[in-house]
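Below is one structure; the comments refer to it alone.
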Amino acid sequence: MSIKTLDNISETHWTEVITPTNAVFDLKLRDVWKYRDLLFLLVRRDFVSIYKQTILGPIWFFLQPLFTTLTFVIVFGQIAHISTDGMPQVLFYMTGVTLWNYFSDCLNKTSTVFRDNASIFGKVYFPRLVMPLSIVISNLIKFGIQFLLLIGFWVYYLITTDTIHPNIYILLIPLIVLLMAAQGLGWGMIISSMTTKYRDLVFLLTFGIQLLMYATPVIYPLSSISGDYRVFIEYNPLTPLLEIFRYALLGSGAFSWTLLVYSMVSSLIVVALGAIVFTKVEKSFMDTV
Amino acid sequence: MSNIAISVENISKQYRLGEVSTGTISHDLNRWWAKLRGKEDPFLRVGEANDRTKKGTSDLVWALKDVNFDVKQGEVLGIIGRNGAGKSTLLKVLSKVTQPTTGNIKVRGRIASLLEVGTGFHPELTGRENIYLNGAILGMTKSEISRKFDEILDFSGVERYVDTPVKRYSSGMYVRLAFAVAAHLEPEILIVDEVLAVGDAEFQKKCLGKMKDVSGEGRTVLFVSHNMGAVRGLCNTGLFMDNGTVGMFGDIQSAVDLYLTANTNADGIFQLGRQGKEEIVVFEKVILRNQFGIQTQNYNFGDSISIEIECSSDQEVELPYFWISIESQFGSLCAANSLLDGIRPKFVRGKFIIACTFKNLKLLPQSFIIFAGGRLKSGTEMSTRSKEIGSFTMVSKLNEIGLNGELAESFAPSASPLYIPYSWRFNNEESIDVNL
């Protein structure tokens, strides 16, 4: 009896127990919080290192969406004559591109997080969740800069023309961005966990993102789609996000609370699922990657 | 009970050999199906002890099998064993880089592991930025790093270049900076894997000194090394790993002795093979013979040892350098080194033999390890990685050699092993020669 109590006392003194498996919902969020300094240093690293030894430096952040928008205006606007719901083409495409890029950057970078960091993960332990979080945050900064560019154009059109009608839903933009990040992070974590074993997904991803962009109203308004395909596009949880983003800024597009709630719920599920799968894989991935 | 820092219980780790991707889906489904029925994982039952020299029948091996030991607080544990004995896997499991297949480890206190120096260094960032980043990866907070920043910089000796991107650093400077960060971690438990094998001699000394300081402060250290000298100097407890199991756990001297004498082949033949893709000349097999041409691992005082390395090379290598060195438990002892004597073949190609005879071995009855390596014509590029290629044991009785000191038996195992003729003289009396 006395031995048993003694044992119990010493059991409680262990600061950590390493076991083969963890509980499913043990995301070690407290650990993540402990490593918050690492999170911010990683964000800083991403930000500082990208444009070192380039002449234009952070100006590239502006040029990327600018060039894409220009291409879209020429290809989809001028050549294909796809409707922009009466909105100025530049602004229409730029809203789409800016928000979409944030999602696709998050997804792209997060989905290769195990492969990209295998050398670090193989040598040091820290809560792996820090890595995808740092990706989302550093891309958020990039998004912020690109959003400023968008706002620049937006103000210009707001003053010089009478085509756009921003409204109160502009206040929802932070939420929209958050949900977009959640979608990118969640799917990215799920894919990254699967690619540690099945590399095939890496090849599918580039193609998949491309395809998903066309299934999301980035280069066309939802209103221009009718018939059999519309259902698919409406069920895409990214659709309401892009539509609301555009509606808030430009005053054209579809807004409904139902769709927003649908997006919120799906984002939550994807992020939770992603985090669970990710923490499950992080313990064993070194043996398979 | 309460002064135990790490308690390892029944740790096993299974790896799958060969192509990981083949058949993983079917294995996964099998596993999942067994789990669903509440049965044991079918793949955990297969597998065999990890012995890399023997060809196994299953492609599942146990890198670690039922490892049990406790490390007390403040203890410095040296983990030794041959290549592939499971040392690194054990460290990886302890540092949470990979999970064990079965068993558990209980830990008291914060662990920091140094399986490599400079993990996460980004070449584009400056020394200063990398100190912060690397420190944070190793588990320090930003304020902790700021507090120790000057100390770290001072220890590294690269103050002048602190605002230069590390990609412009020499490899030596890089390592210095990286080790400096690591050396300033203040965990209760420190896990170190042969990081001391890098850097110049002066820096190595500094590192060993730092490790001594750490252990002197009452912190627990786990140290993996092939350098028996460093292990003996630093550690008080030894863990000898053998084929993924605990060969011995006890005081460091016995563990080192066991490591040096654990012969898998008494007939003096060692099977080697390619280690790493970059090896141009591969050491395939080593045969040890005495002066009578008999294959053996046991030698008497004054014997000769002939070391024959069967090599192979796919390409023609012109004027290669080779060296063969003998190491005692204290470290390197003597060597035949063509980088020094300049004697080398005009070229080698295909299958060939490098043989070297060390004559008149005047060594005490202890065990010794043979290392060998090779370099290309330039002398700077590697052709064969420096590695352990074999071992031998001196077996003569002390009184047969002529060492008749009363305490000779008890001191000989840990005495400096190389004998050079000498003479004593006390108080201007006649000098006494010791000529064995």
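The values are calculated or read from the model by the stated rules, or taken from the named source; none is laboratory data. Since the structure is predicted, the reported quantities are computational estimates derived from the model, not experimental observations. In this analysis, Cβ positions are derived from the backbone assuming ideal geometry, glycine residues included, and neighbour counts consider all displayed protein chains.
Key figures
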| quantity | calculated |
| --- | --- |
| Residue within region B:322-344 that is among the acidic types (Asp, Glu), touching a residue at least 24 places away in the same chain (Cβ under 8 Å) and out of contact with any helix residue (DSSP H, G or I) (no Cβ under 8 Å at 6 or more places or on another chain) present | no |
| Cβ pairs under 8 Å, 6+ apart, first in region B:73-101 and in the same structural domain as B:Glu388 (by TED's automatic domain parsing) and aromatic (Phe, Trp, Tyr), second modelled with pLDDT of 85 or more and surrounded by fewer than 23 Cβ atoms within 10 Å (Cβ to Cβ) | none |
| Selected residue (only one of B:Ile420, B:Ile353 is outside the structural domain of B:Gly293 (by TED's automatic domain parsing), of a type in the set (A, V, I, L, M, F, W, C) and surrounded by fewer than 16 Cβ atoms within 10 Å (Cβ to Cβ)) | B:Ile420 |
| Given (1) at pLDDT 75 or above; (2) not in a loop (DSSP other than H, G, I, E, B), number of the condition A:Asn8 does not satisfy | (1) |
| Criterion (more than 30 Å from A:Ser284 (Cβ to Cβ) and exposed (fewer than 15 other Cβ atoms within 10 Å of the Cβ)) met by exactly one of A:Ile164, A:Ile151 | A:Ile151 |
| Selection from region B:223-282 of residues that are in a strand (DSSP E or B) and of a type in the set (A, V, I, L, M, F, W, C) | B:Phe223, B:Val224, B:Leu239, B:Phe240, B:Met241, B:Val246, B:Met248, B:Phe249, B:Ile269, B:Phe270, B:Val281, B:Val282 |
| Residue count for region B:387-415, restricted to those that are touching a Phe, Trp or Tyr at 6+ places or on another chain (Cβ under 8 Å) and surrounded by 14 or more Cβ atoms within 10 Å (Cβ to Cβ) | 11 |
| Tabulated pairs, region B:128-139, first at positive phi, second surrounded by fewer than 22 Cβ atoms within 10 Å (Cβ to Cβ), C-beta under 6 angstrom, 6+ apart or interchain | B:Gly139/B:Ala112 |
| Identity of the residue in region A:44-74, in contact (Cβ under 8 Å) with a residue 60 or more places away in the chain and more than 14 Å from every other protein chain (Cβ to nearest Cβ), that ends up surrounded by the fewest Cβ atoms within 10 Å (Cβ to Cβ) | A:Pro58 |
| Matching residues, region A:193-226, being exposed (fewer than 12 other Cβ atoms within 10 Å of the Cβ) and among the aliphatic types (A, V, I, L, M) | A:Leu211 |
| All helices (runs of 4 or more DSSP H) inside region A:163-269 with 3 or more residues being of a type in the set (Gly, Ala, Ser) | A:173-195 |
| Any hit, region B:236-247, residues being buried (at least 17 other Cβ atoms within 10 Å of the Cβ), modelled with pLDDT of 90 or more and within 14 Å of B:Ile370 (Cα to Cα) | no |
| Boolean, B:Arg375 is over 26 Å from B:Gly268 (Cβ atoms), of a type in the set (Lys, Arg) and not assigned by TED's automatic domain parsing to the domain that holds B:Glu284 | no |
| Residue that is within 24 Å of A:Met94 (Cβ to Cβ), hydrophobic (A, V, I, L, M, F, W, C) and modelled with pLDDT of 90 or more, where the choices are A:Leu249, A:Leu259, A:Leu273, A:Leu268 | A:Leu249 |
| Residue within region B:102-121 that is farther than 20 Å from A:Pro127 by Cα and either hydroxyl-bearing (Ser, Thr, Tyr) or not assigned by TED's automatic domain parsing to the domain that holds B:Val246 (or both) present | yes |
| Strands (runs of 3 or more DSSP E) lying entirely in region B:64-121 (those with 3 or more residues that are at the interface with another protein chain (Cβ under 9 Å from one of its Cβ atoms) and surrounded by fewer than 21 Cβ atoms within 10 Å (Cβ to Cβ)) | B:102-107 |
| Scope region B:149-178; condition crowded, with 19+ Cβ neighbours inside 10 Å, within 14 Å of chain A (Cβ to nearest Cβ) and of a type outside the set (Gly, Ala, Ser); matching residues | B:Val166 |
| Qualifying residue in region A:49-68 (condition: out of contact with any helix residue (DSSP H, G or I) (no Cβ under 9 Å at 6 or more places or on another chain) and over 27 Å from B:Arg128 (Cα atoms)) | yes |
| Residue under evaluation A:Leu41, criteria (1) within 14 Å of chain B (Cβ to nearest Cβ); (2) more than 30 Å from A:Tyr198 (Cβ to Cβ); (3) out of contact with any Asp or Glu (no Cβ under 9 Å at 6 or more places or on another chain); (4) at pLDDT 90 or above, criterion not met | (3) |
| Per-region count, region A:75-99, residues under 13 Å from A:Phe143 (Cα atoms) and either within 14 Å of chain B (Cβ to nearest Cβ) or hydrophobic (A, V, I, L, M, F, W, C) (or both) | 3 |
| Subset tally (residues that are at pLDDT 85 or above, of a type in the set (Ser, Thr, Tyr) and within 14 Å of B:Gly118 (Cβ to Cβ)) for region B:160-173 | 2 |
| Subset of region B:130-148 [at the interface with another protein chain (Cβ under 7 Å from one of its Cβ atoms) and over 30 Å from B:Glu9 (Cβ atoms)] | B:Tyr132, B:Leu133, B:Ala136, B:Thr141, B:Lys142 |
| Test result for B:Glu327, of a type in the set (D, E, K, R) and surrounded by 20 or more Cβ atoms within 10 Å (Cβ to Cβ) | yes |
